[in-house]
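What follows is a set of notes on a single structure, which appears directly below.
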Amino acid sequence: MGKSFLLVTASIGSGHEKAASAIADGIKAHFPDAEINTVDFMRRDTSLINAFMKSCYLKMLAMVPNLYEFMYRFTDGEKKGGFIQLLMAGAMSRSIKRLIKRYRPDVIICTHPFPAEAVSHLGDGWRSRFVSAAVITDYSVHRMWICPNMDLYFVGCGFMKKQLIADGIHEDIIHVTGIPVGRDFYRKWDKAECRREAGLSPDEPVVLMMGGGLGLGHISSALAQLEKLPEKLQLLVVAGRNHELKVQAERFGAASHHSVHVYGYTDRICRLMGAADVLVTKPGALTLTEAMSMRLPMVLHEPIPGPETDNARYMSGCGAAVWLHAGDNLACVIRELFAERHALPDMALAADRHVRPEAVQEITREIERLLRS
């Protein structure tokens, strides 16, 4: 009989869910007889408390992003963060126990810190029933990810392992695999073919603009800046689930001298990345990892204060992205990247040096090793 896997994610943005989906595909390939269930920990039918916390988070991002940054930094300290973490884990422990009773998993994989905290908070009698793993879906380690009773940790880069060790996690359970993304992002996409499919000119520059699944990142103001460029661009705007942004982008496109193509939430991101010369995006870690996997140069702006600032710092430090700070002009940066012959190829080479195409396979291999032992 095959093993039972429970992937617990969170519908806050799309990154945590994308990582869980990539891991689920890897489990299917590595464990053909496995039973796989993926659960959104923040859905109302999982927990009303969790759903309420999600609602508060989204409202905070939309209305008072500086307050979110304060909360992020406030909870990152050992004492204050540890106390908040204990309260949240206690509140969420009932949710995770219900899931364990329902699915009876042999393995629980968490792609968000809230379920990881709840799992780690369980008593020995509960945790002895399964192998637990945390997959960190940013390029830094927040205090909320410090869950000392997890069996495995998977992280995106080497200094994250050092961060976890400094916070008391045993180094033997930490594996530097990279952040898992769908296997289609490692394919060799033909740029000319991707442009034909999207109805694009093969010769004019293509800029892909994304704001994550929630359509954040001040895309409307970025479009206004790019309108000042006299050179004609082909702009691919992905509005995600943000209907208002989609309407605004379509209205902009009708009057723009650029060629503007607008998409809502789409499963064709890899093809759009394949067609693009450069990506303009807020620095959500999954989007950055997908672009890096496709060797697509990035311009990063409007990070959500906290984790996305850390993600932008990592990608710009790798040389795969340009990070726009307050006062930087997006139009000038885009013009310079297209004007400087080596700029975009050098960024693509930098991305290639940091790609981790075996992330999913490494995760499944380590889980299998622990199950066997």
Per residue, how many Å² of accessible area does the stretch 112-164 show with a 1.4 Å probe? 29
Rounded to the nearest 10 Å², what accessible area does Arg127 have for a 1.4 Å probe in the complete protein model? 50
To the nearest 0.05, how large is the calculated FRET efficiency for Trp126 and Arg43 if R₀ is 22 Å and r is the Cβ-Cβ distance? 0.50
Please state the relative contact order of the chain as a whole percent: Cα pairs under 8 Å, 6+ residues apart? 16
What spacing in nm lies between the two simple spin-label points modelled at His325 and Asp33, each 7 Å away from Cα in the Cβ direction? 5.8
Of Gln248, Leu229, Leu279, which is farthest along the charge dipole of the stretch 178-320 in the positive direction, counting Lys and Arg as +1 and Asp and Glu as -1 at C-beta? Leu279
Can you give me the accessible area per residue for the stretch 241-373, using a 1.4 Å probe, in Å²? 45
In degrees, nearest ten, helix 65-74 long axis to first principal axis of the chain (Cα): 40
Rounded percent of accessible protein surface that carbon and sulfur make up, the chain, 1.4 Å probe: 52
Using only Cα atoms, tell me the angle between helix 359-372 and the longest principal axis of the chain; keep it within 0 to 90° and round to the nearest 10. 10
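The values are calculated or read from the model by the stated rules, or taken from the named source; none is laboratory data. Keep in mind that this is a model prediction, so the values were computed, not measured. Glycine also receives a Cβ, built like all others from the backbone with ideal geometry; neighbour counts cover every protein chain displayed. Each accessible area value is taken on the protein alone, full model and side chains, heavy atoms only, with ligands, DNA and RNA left out. Shrake-Rupley method; radii C 1.70, N 1.55, O 1.52, S 1.80 Å.
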